[in-house]
Amino acid sequence: MKRQRVSLLSCVLLVMILVLTNVSPVFANGSDNYTIDMKQVQEDWEEAAKVPLVQDKISENSKGIELSAYGTYPTRKGVILVTPDKFKGIIPTGHAAIIYTSTTVVESLSGGVTTGPNDWNKTRSKCYGVTVSGTTTTQDSNAADWCYRQRGKSYNWNYLNVSTRSSFYCSQLVWAAFLDLYGIDLDTGSYGVAVHPMELVNTSRTSKIYEN
């Protein structure tokens, strides 16, 4: 148990050092190492900013068909939020979550999968809202429920191990929900098998409905 605590502390300290020194993080994958190209990340975020803004999909509920407002901050369950902001030293090149309620998101932080406030338009210097193409609002809602059921699972420090469902990093959690439920792969392949938050914006399988 003591050895596990020391190992976890070492991982946290390493990530903090990488963030503070602006060094490209290297993630272990067995005997292999994987380095994020920070220049590529910057270029990809610039591409994400160029993705055209579209209207959100039509919602169907007990009140009938509801048209979405154009370009407003999303509160609909199942919309994906992405920010390039460095978030608490986890992935030092972005963060992702999925909306669970109008005031709550599901996300994976250093302590594992949890819920947080849906206030990214106020607390992030840059924020994108995207919706998966080809799904209904009900399916998006089911994806958010899937993520919510993963609460309590640990953070996945091995960014290349996307097949595990016992732990998750932020973008892996969102990616896994749509892959497992509907066979929709939001990974662009830009970072190998790792799923970077930016890919959730740049993939052709999502549409950008909000940016600040």
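So here's what we get for this one:
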read-out: Close pairs from the stretch 158-183: first under 19 Å from VAL79 (Cβ atoms), partner buried (at least 17 other Cβ atoms within 10 Å of the Cβ) and among the basic types (Lys, Arg), Cβ under 7 Å, at least 6 apart; value: PHE168/LYS153
read-out: Index of the failed condition, THR93 passing every other in (1) polar (S, T, N, Q); (2) over 13 Å from the mean Cα position of the chain (by Cα); (3) part of a loop (DSSP other than H, G, I, E, B); value: (2)
read-out: Looking only at the stretch 118-149, and only at residues there that are of a type in the set (Lys, Arg) and free of Cβ contacts under 8 Å to residues at least 12 places away in the same chain, the one that is nearest to GLY78 (Cα to Cα); value: ARG149
read-out: Whichever residue in the stretch 51-81 is at pLDDT below 75 and part of a strand (DSSP E or B) and, among such residues, is least open to solvent (accessible area, probe 1.4 Å); value: GLY64
read-out: Boolean, TYR182 is under 30 Å from ILE58 (Cβ atoms), open to solvent by 40 Å² or more (accessible area, probe 1.4 Å), over 16 Å from the mean Cα position of the chain (by Cα) and at pLDDT 95 or above; value: yes
read-out: Exclusive hit being under 14 Å from LEU200 (Cβ atoms), out of contact with any Pro (no Cβ under 8 Å at 6 or more places or on another chain) and of a type in the set (S, T, N, Q), set SER108, SER154; value: SER108
read-out: Unmet criterion (only one of (1) at pLDDT below 95; (2) open to solvent by less than 60 Å² (accessible area, probe 1.4 Å)) for TRP175; value: (1)
read-out: The one condition in (1) open to solvent by less than 10 Å² (accessible area, probe 1.4 Å); (2) out of contact with any Gly (no Cβ under 8 Å at 6 or more places or on another chain); (3) at pLDDT 95 or above that SER102 fails to fulfil; value: (1)
read-out: Within the stretch 190-204, considering residues that are surrounded by fewer than 24 Cβ atoms within 10 Å (Cβ to Cβ) and among the β-branched types (Val, Ile, Thr), the one farthest from LYS50 (Cα to Cα); value: VAL193
read-out: Number of the exception - GLY89 against (1) open to solvent by less than 60 Å² (accessible area, probe 1.4 Å); (2) at pLDDT 80 or above; (3) out of contact with any Gly (no Cβ under 8 Å at 6 or more places or on another chain); value: (2)
read-out: Meets criteria (under 17 Å from ALA176 (Cβ atoms), buried (at least 18 other Cβ atoms within 10 Å of the Cβ) and not β-branched (Val, Ile, Thr)) for GLN150; value: yes
read-out: Residue check for THR115: of a type in the set (S, T, N, Q), open to solvent by 30 Å² or more (accessible area, probe 1.4 Å) and within 19 Å of PRO74 (Cα to Cα); value: yes
read-out: Conditions (1) modelled with pLDDT under 95; (2) within 23 Å of ASP85 (Cβ to Cβ); number of the one not met by GLY134; value: (2)
read-out: Which numbered condition SER102 misses (of (1) free of Cβ contacts under 8 Å to residues at least 24 places away in the same chain; (2) closer than 25 Å to ILE58 by Cα; (3) of a type in the set (Gly, Ala, Ser)); value: (1)
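The values are calculated or read from the model by the stated rules, or taken from the named source; none is laboratory data. Since the model is a prediction, treat every value here as computed from it, not as a measurement. Note that each Cβ is placed from the backbone with ideal geometry, even for glycine, and that neighbours are counted across all protein chains shown. Surface accessibility is based on the protein's heavy atoms, side chains included, excluding ligands, DNA and RNA. Shrake-Rupley method; radii C 1.70, N 1.55, O 1.52, S 1.80 Å.
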